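The values are calculated or read from the model by the stated rules, or taken from the named source; none is laboratory data. This structure is a prediction, so every number in the text was calculated from the model and none was measured. Note that each Cβ is placed from the backbone with ideal geometry, even for glycine, and that neighbours are counted across all protein chains shown. Ligands, DNA and RNA are excluded from the accessible area calculation, which covers all protein heavy atoms including side chains. Shrake-Rupley method; radii C 1.70, N 1.55, O 1.52, S 1.80 Å.
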Amino acid sequence: IRVQVLNGSGEPGIGTKVASFLREGGYVVVEIRNADRSDYFASMVVARRADLANAREVAHYLGGPPLIQQAWASELADVTVLIGSDRSKLQLEP
(Lines give C-alpha, C1' and ligand atoms only; values in the text may rest on other atoms or scores of the structure.)
Protein backbone atom coordinates (compact mmCIF):
# COMPACT_ATOMS: atom_id res chain seq x y z
CA ILE A 1 0.00 0.00 0.00
CA ARG A 2 1.50 3.34 -1.09
CA VAL A 3 1.04 6.07 1.53
CA GLN A 4 1.49 9.84 1.37
CA VAL A 5 2.08 11.53 4.76
CA LEU A 6 1.06 15.17 5.19
CA ASN A 7 1.93 17.08 8.34
CA GLY A 8 -0.85 19.53 9.14
CA SER A 9 -0.11 19.72 12.87
CA GLY A 10 2.53 22.44 12.95
CA GLU A 11 4.85 20.10 14.88
CA PRO A 12 8.19 19.69 13.06
CA GLY A 13 9.30 16.10 12.53
CA ILE A 14 6.01 14.34 13.27
CA GLY A 15 5.54 13.45 9.59
CA THR A 16 8.86 11.62 9.58
CA LYS A 17 7.94 9.80 12.80
CA VAL A 18 4.59 8.66 11.38
CA ALA A 19 6.28 7.62 8.11
CA SER A 20 8.85 5.52 10.01
CA PHE A 21 6.08 3.74 11.91
CA LEU A 22 4.21 3.07 8.67
CA ARG A 23 7.38 1.67 7.05
CA GLU A 24 7.87 -0.64 10.06
CA GLY A 25 4.38 -1.96 9.31
CA GLY A 26 5.32 -2.77 5.74
CA TYR A 27 3.71 0.22 4.04
CA VAL A 28 5.47 2.04 1.19
CA VAL A 29 5.75 5.73 2.09
CA VAL A 30 5.99 7.59 -1.22
CA GLU A 31 5.96 11.17 0.07
CA ILE A 32 6.35 13.10 3.33
CA ARG A 33 5.64 16.82 3.29
CA ASN A 34 3.76 19.60 5.02
CA ALA A 35 0.05 19.86 4.36
CA ASP A 36 -1.47 22.93 2.73
CA ARG A 37 -1.84 24.46 6.19
CA SER A 38 -0.52 23.76 9.69
CA ASP A 39 -3.66 24.18 11.76
CA TYR A 40 -5.56 20.96 11.10
CA PHE A 41 -7.11 19.79 14.35
CA ALA A 42 -8.05 16.23 13.42
CA SER A 43 -5.78 13.57 12.02
CA MET A 44 -7.40 11.46 9.33
CA VAL A 45 -6.78 8.78 6.76
CA VAL A 46 -7.88 9.66 3.22
CA ALA A 47 -8.77 6.88 0.81
CA ARG A 48 -7.47 7.88 -2.61
CA ARG A 49 -9.17 4.99 -4.43
CA ALA A 50 -12.78 3.84 -4.79
CA ASP A 51 -11.96 0.69 -2.78
CA LEU A 52 -11.64 1.61 0.91
CA ALA A 53 -9.86 -1.59 1.99
CA ASN A 54 -6.32 -0.13 1.92
CA ALA A 55 -7.34 3.01 3.78
CA ARG A 56 -9.18 0.96 6.41
CA GLU A 57 -6.04 -1.13 6.93
CA VAL A 58 -3.84 1.96 7.38
CA ALA A 59 -6.39 3.58 9.74
CA HIS A 60 -6.53 0.41 11.83
CA TYR A 61 -2.71 0.27 11.99
CA LEU A 62 -2.63 3.88 13.27
CA GLY A 63 -5.21 3.24 15.98
CA GLY A 64 -8.39 4.21 14.17
CA PRO A 65 -8.34 7.88 13.10
CA PRO A 66 -11.35 8.96 11.01
CA LEU A 67 -11.47 7.75 7.43
CA ILE A 68 -12.70 9.81 4.51
CA GLN A 69 -12.77 9.11 0.80
CA GLN A 70 -11.37 11.58 -1.67
CA ALA A 71 -10.36 9.72 -4.79
CA TRP A 72 -7.86 11.29 -7.16
CA ALA A 73 -6.42 10.50 -10.55
CA SER A 74 -2.81 10.54 -9.32
CA GLU A 75 -0.90 7.28 -9.15
CA LEU A 76 1.29 8.71 -6.36
CA ALA A 77 -0.46 7.07 -3.40
CA ASP A 78 -3.36 4.80 -2.49
CA VAL A 79 -3.83 6.44 0.91
CA THR A 80 -2.99 9.82 2.45
CA VAL A 81 -2.39 10.22 6.19
CA LEU A 82 -3.07 13.78 7.30
CA ILE A 83 -1.61 14.55 10.73
CA GLY A 84 -3.48 17.11 12.80
CA SER A 85 -2.86 18.65 16.20
CA ASP A 86 -4.62 15.66 17.83
CA ARG A 87 -1.61 13.57 16.72
CA SER A 88 -1.27 12.09 20.22
CA LYS A 89 -4.33 9.97 19.38
CA LEU A 90 -2.35 8.19 16.65
CA GLN A 91 -0.86 4.88 17.66
CA LEU A 92 2.84 5.11 16.79
CA GLU A 93 4.06 2.09 18.76
CA PRO A 94 3.47 -1.55 17.77
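Quick check: Cα centre of the range 65-84 to Cα centre of the range 20-40, how many Å?
So the separation of the two Cα centres works out to 11 Å.
Report the net charge of residues surrounding residue 27, where surrounding means a beta-carbon distance below 10 angstrom and charges are Lys +1, Arg +1, Asp -1, Glu -1.
Details: positive: 2, 23; negative: 24, 57, 78.
Charge balance in the 10 Å sphere: -1.
Using Cα springs under 10 Å in a Gaussian network model of the chain, which residue among 59, 47, 35 shows the largest mean-square fluctuation?
The residue that fluctuates most here is 35.
Suppose all protein chains stay in the model; what accessible area per residue would a 1.4 Å probe give for the chain, in Å²? Present the calculation step by step, with values, prior to reporting the outcome.
Working: 5010 Å² over 94 residues.
Accessible area per residue: 53 Å².
Quick check: pseudo-label points 7 Å beyond the Cα along Cα→Cβ at residue 31 and residue 75, how many nm apart are they?
1.5
Given a 1.4 angstrom probe, I'd like the percentage of the accessible area of the chain that is carbon and sulfur, rounded to a whole number.
Working: 2550 of 5010 Å².
Its accessible area is 51 percent carbon and sulfur atoms.
How much of residue 41 can a 1.4 Å solvent probe reach, expressed as accessible area in Å² and rounded to 10?
Using a 1.4 Å probe on the heavy atoms, I get roughly 140 Å².
List residues of the range 70-94, by number, whose backbone nitrogen lies under 20 Å from a label position 7 Å along Cα→C-beta of residue 20.
81-94
Restricting attention to the alpha-carbon atoms of the chain, what are Rg (one decimal) and Dmax (integer), both in Å?
11.7, 32
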